[in-house]
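Asks: Have a look at the structure that comes next, please.
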Amino acid sequence: MIEQAERRSRSRALIFYLLAGTLLLSTILAADRQGDPVRLIPWYLMTILIALNLTDLPFRLRSGRLAMLMNDENTREHRRTSFQAGFWAAIVSGTLATGVAAIYPLSGLLTARVVITAALVAALVSFAVQERSATP
């Protein structure tokens with residue numbers, strides 16, 4: 001059971017790396033579609049699902065020993081630290097976007113997407129790095 005939890009933890013870390021890359025790429029590719037909210041629906045859905053995956057909600061919905069092993073105190077600490085990384089990425093990206101907006105006008109939608117993407121990518125990568133270093 002412990003080996004299965006470790007395998008799933010490594011898989012989750014890999015998936016988080018892929019999600020971070022996909023989210024970043026989708027934000028870059030859709031930067032020119034600011035005024036078309038329908039075309040941004042996949043980005044909105046992806047950010048919501050990623051944010052939910054960063055919480056412990058998926059483990060609270062499941063019961064059993066494997067879910068408990070995958071949501072142990074180390075995982076909760078990794079989650080807490082990854083939230084901190086996401087918070088600071090949001091602060092830094094928001095500050096940089098404010099500086100850029102003083103020189104080059106940015107839309108509110110683009111600025112919000114950049115800040116949200118930076119926060120989620122930082123949280124995903126932070127969590128994935130910690131999970132990979134914790135499992136053999």
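Asks: Whole number in Å², please: accessible area per residue of the chain, 1.4 Å probe, ligands, DNA and RNA not counted.
Replies: Per-residue accessible area for the chain comes out at 61 Å².
Asks: What does the net charge come to around Ser11 if you take all other residues with beta carbon closer than 13 Å to its beta carbon, with K and R at +1 and D and E at -1?
Replies: Working: positive: Arg7, Arg8, Arg10, Arg12, Arg132; negative: Glu3, Glu6, Glu131.
Counting the neighbours of Ser11, the net charge comes to +2.
Asks: Further question: Counting only protein heavy atoms and a 1.4 Å probe, tell me what percentage of the chain's accessible area is made up of carbon and sulfur.
Replies: C and S fraction of accessible area: 68 percent.
Asks: Now for a separate question. Once you place label points 7 Å from the Cα toward the Cβ at Leu40 and Ser107, how far apart are they in nm?
Replies: 0.6
Asks: Using the basic label-point model (7 angstrom from Cα toward the beta carbon), what is the Ala51 to Ser133 distance in nanometres?
Replies: Distance between the two pseudo-spin positions: 2.8 nm.
Asks: For a quick check of understanding: with a 1.4 angstrom probe and all protein chains in place, what accessible area in square angstrom does Asp72 have, to the nearest ten?
Replies: Estimated to the nearest 10 Å², Asp72 gives 60 Å².
Asks: Right, another one. May I have the convex hull volume per residue, in Å³, for the Cα set of the chain?
Replies: 100
The values are calculated or read from the model by the stated rules, or taken from the named source; none is laboratory data. In this text, all values refer to a predicted model and were calculated from it rather than measured experimentally. Backbone-built Cβ (ideal geometry, glycine too); neighbour counts: all protein chains shown. Remember, those area values only see protein heavy atoms, side chains included, never the ligands or the DNA or RNA. Shrake-Rupley method; radii C 1.70, N 1.55, O 1.52, S 1.80 Å.
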